[in-house]
Amino acid sequence: MSTARLALPNTTVTSAVADPGDATTPASCRVTLTVTHPPAGDAVTVWVHLPTDTWNGRFQAMGGGGFRGGSPDSLLTPLRDGYATAATDAGHAGATADFALNPDRTLNWPAIEDFGYRGVRDMTVTAKAVIAAFYGTGPEYSYWNGCSTGGRQGLMEAQRYPDDYDGVLAGAPVINYSRLQIAQMWGQVVMLEEANPVAPCKFDAALRATVAACDTVGDGVVDGVIGDPLGCSFDLGTLVGTATPCGDITAADVEVMRRIAEGPRTQDGQFLWYGQAPGTPYAGLNDTEVVDGQLVGKPFQYDLWWIGLFLAQDPDWDWRTLTYAGYEAFFQQSVEMYSAVFSADDPDLSAFADSGGKALLWHGAADFGVPFQGTVDYVERVQDTMGPGRTKEFLRLFLAPGVGHCGGGAGPQPVGQFEALVDWVEHGNAPRTIDAEAVDASGAVVQTRPLCAYPKVARLVGHGDPADAGSYRCVRGTEMEPAVR
């Protein structure tokens, strides 16, 4: 590759290595670059892997997760599939949020903007230039592939730079970032203010009871998975008095659970963000632990970083000082300060649609960290903005019952999402369903079922075999009530 042909401003090739490959990975050229934005003093690292002899003419960019912009480790799978591929650290190394603050505790806005949107844009422009320099031609098709933060990054590209990608695969996207990140702290605030931390086994009992009560909702199958969580109306109040290994469930415990399900609210009861859907584990955001013989809350580390670093600007901030009033103030501050740089929730995707772009969204319906209702809300706002008919020509959402954040959980796991996106982009075959599979301990597939484009859900037909995808048909599910913002 001739680096002289790149001619990219403020970009340095820090290494270009010929990798011989191995039994599973083809030979490739692996390039690392650094992009800066003078006079900010920042540095965005970009990794580009180029198959030497097996390039399929396409580019696949890989997203990050949490506070990690991306990693070169994610590039091996697309490389093996013949793609020229790239990722970026989005301006900071590692997975922590330390980049948010300067040593004097002022906000590091260049680094924040790099993580918010600029680093991915840098990677996209740089990678395409490297591809053209290496092969003598640019990619015929360009794709984004990401989940969680990676899903947000892909939709941010579609909104800000609609010509960058022909197809965007966005799983569990944290598109409503400025609301979502602070909303994750809600359960801990409730337990703290109500002086009633709830033991894990009580939460587990509530989850089991909810799933048992609504197991057949939506799909008509008893399989430990709620097929349509929006259609479940289980009354948590029936759990009062239920015995668990950590004591009987009390009315105060149920009130905490109800408020977690309801989601963040202002002190006078106004909607802030979505809560935990039925069938979703409480663990992860609502953890508690015993300290010095006392049960206390144990918040998710990312939420402590968000409030402590981005909002309070104090690495030593003590979450135990939170009150309902303080939480509400932080929530509004989060939305006002960071929506423009972090949130990817602009419903006007007309430029992306006009460019021929396609977006396939999927979300686990038992996602503990990112309520799928936020993704549904976004898709419905796109429909309101662009019309349902126009929207389904380029944007489709698939909910995966019983699946957690980017995978895991009791439900069959989505498979083939990226391949479905490619088929849609290159052959015009809009996906009506995508596949989901459950495997046993040996890795053998023991169940297949379709996932239907929202708002439809897969329902067992007659006395069909619940493990057979052919036994289901897509029927209209429960649509979400619109949020009052």
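The values are calculated or read from the model by the stated rules, or taken from the named source; none is laboratory data. Only a predicted model underlies this, so the values are computations on that prediction, with no experimental measurement involved. Cβ coordinates were reconstructed from backbone atoms using ideal geometry, including for glycine residues, and neighbour counts include every protein chain displayed. SASA here: full protein model, heavy atoms, side chains in, ligands and nucleic acids out. Shrake-Rupley method; radii C 1.70, N 1.55, O 1.52, S 1.80 Å.
The sole residue among 111, 61, 86, 90 that is surrounded by 22 or more Cβ atoms within 10 Å (Cβ to Cβ), within 24 Å of the chain's Cα centre (by Cα), assigned to a helix (DSSP H, G or I) and not hydroxyl-bearing (Ser, Thr, Tyr) is 111.
Taking first residues from the stretch 313-325 that are among the hydroxyl-bearing types (Ser, Thr, Tyr) and partners that are surrounded by 15 or more Cβ atoms within 10 Å (Cβ to Cβ), the Cβ contacts under 7 Å between residues at least 6 apart in sequence or on separate chains come to 323/193; 324/189; 324/193. In the stretch 114-145, of all residues being open to solvent by 10 Å² or more (accessible area, probe 1.4 Å) and farther than 23 Å from residue 13 by Cα, the one that is farthest from the chain's Cα centre (by Cα) corresponds to 140.
With respect to residue 352, is the statement that it is open to solvent by less than 10 Å² (accessible area, probe 1.4 Å), in contact with a Gly (Cβ under 8 Å, 6 or more places away or on another chain) and aromatic (Phe, Trp, Tyr) true?
Numbers: open to solvent by less than 10 Å² (accessible area, probe 1.4 Å): yes; in contact with a Gly (Cβ under 8 Å, 6 or more places away or on another chain): no; aromatic (Phe, Trp, Tyr): yes.
No.
Each residue in the stretch 90-113 was checked for being under 21 Å from residue 161 (Cβ atoms) and in contact with a strand residue (DSSP E or B) (Cβ under 6 Å, 6 or more places away or on another chain), and 1 pass. A search for C-beta distances below 7 Å between a residue of the stretch 354-375 that is among the basic types (Lys, Arg) and any residue that is open to solvent by 10 Å² or more (accessible area, probe 1.4 Å) and not in a loop (DSSP other than H, G, I, E, B), counting only pairs 6+ apart in sequence or on different chains, returns 358/425.
What number of residues within the stretch 114-141 are part of a helix (DSSP H, G or I) and touching a strand residue (DSSP E or B) at 6+ places or on another chain (Cβ under 7 Å)? Steps first, please.
If we filter the stretch 114-141 for residues that are part of a helix (DSSP H, G or I), which is where we start, we get 114-135.
Subsequent filtering for residues that are touching a strand residue (DSSP E or B) at 6+ places or on another chain (Cβ under 7 Å) retains 114, 119-120, 122-124, 126-128, 130-131, 134.
Looking only at that region, the number is 12.
Being within 29 Å of residue 293 (Cα to Cα), of a type outside the set (S, T, N, Q) and at pLDDT 95 or above holds for only one residue in 190, 211, and it is 190.
Here is the figure for the stretch 45-58: residues that are open to solvent by less than 50 Å² (accessible area, probe 1.4 Å) and under 7 Å from residue 84 (Cα atoms) total 3.
Would you confirm whether or not the stretch 318-328 contains a residue that is modelled with pLDDT of 95 or more, over 20 Å from the mean Cα position of the chain (by Cα), surrounded by 20 or more Cβ atoms within 10 Å (Cβ to Cβ) and farther than 23 Å from residue 376 by Cβ? Within the stretch 318-328, one or more residues are modelled with pLDDT of 95 or more, over 20 Å from the mean Cα position of the chain (by Cα), surrounded by 20 or more Cβ atoms within 10 Å (Cβ to Cβ) and farther than 23 Å from residue 376 by Cβ.
For residue 376, state whether it is open to solvent by less than 40 Å² (accessible area, probe 1.4 Å), touching a Pro at 6+ places or on another chain (Cβ under 6 Å) and of a type in the set (Val, Ile, Thr). Here the answer is no, as residue 376 does not meet what is asked.
Of everything in the stretch 175-231, what is outside any helix (DSSP H, G or I) and among the hydrophobic types (A, V, I, L, M, F, W, C)? Give them in sequence order.
175, 185, 195, 198, 199, 217, 221, 222, 225, 226
Restricting attention to the stretch 335-372, the residues being under 20 Å from the mean Cα position of the chain (by Cα) and assigned to a helix (DSSP H, G or I) number 7. For the stretch 57-77, name all the residues that are in contact with a Pro (Cβ under 9 Å, 6 or more places away or on another chain) and not hydrophobic (A, V, I, L, M, F, W, C). Scanning the stretch 57-77 gives 57, 58, 60. The residues of the stretch 371-388 that are among the aliphatic types (A, V, I, L, M) and within 15 Å of residue 480 (Cβ to Cβ), listed by number, are 376, 379, 382.
Scanning the stretch 286-304 for residues that are within 18 Å of the chain's Cα centre (by Cα) and either over 18 Å from residue 368 (Cα atoms) or open to solvent by 20 Å² or more (accessible area, probe 1.4 Å) (or both) yields 300, 301, 302.
Specify the residue that is least open to solvent (accessible area, probe 1.4 Å); the eligible residues are those in the stretch 25-42 that are assigned to a loop (DSSP other than H, G, I, E, B) and in contact with a Gly (Cβ under 7 Å, 6 or more places away or on another chain). Lay out the reasoning, then the answer.
Just the residues of the stretch 25-42 that are assigned to a loop (DSSP other than H, G, I, E, B), to begin with: 25-27, 36-42.
Remaining after also requiring in contact with a Gly (Cβ under 7 Å, 6 or more places away or on another chain): 27, 42.
Numbers: 27: 35, 42: 19 Å².
It comes out as 42.
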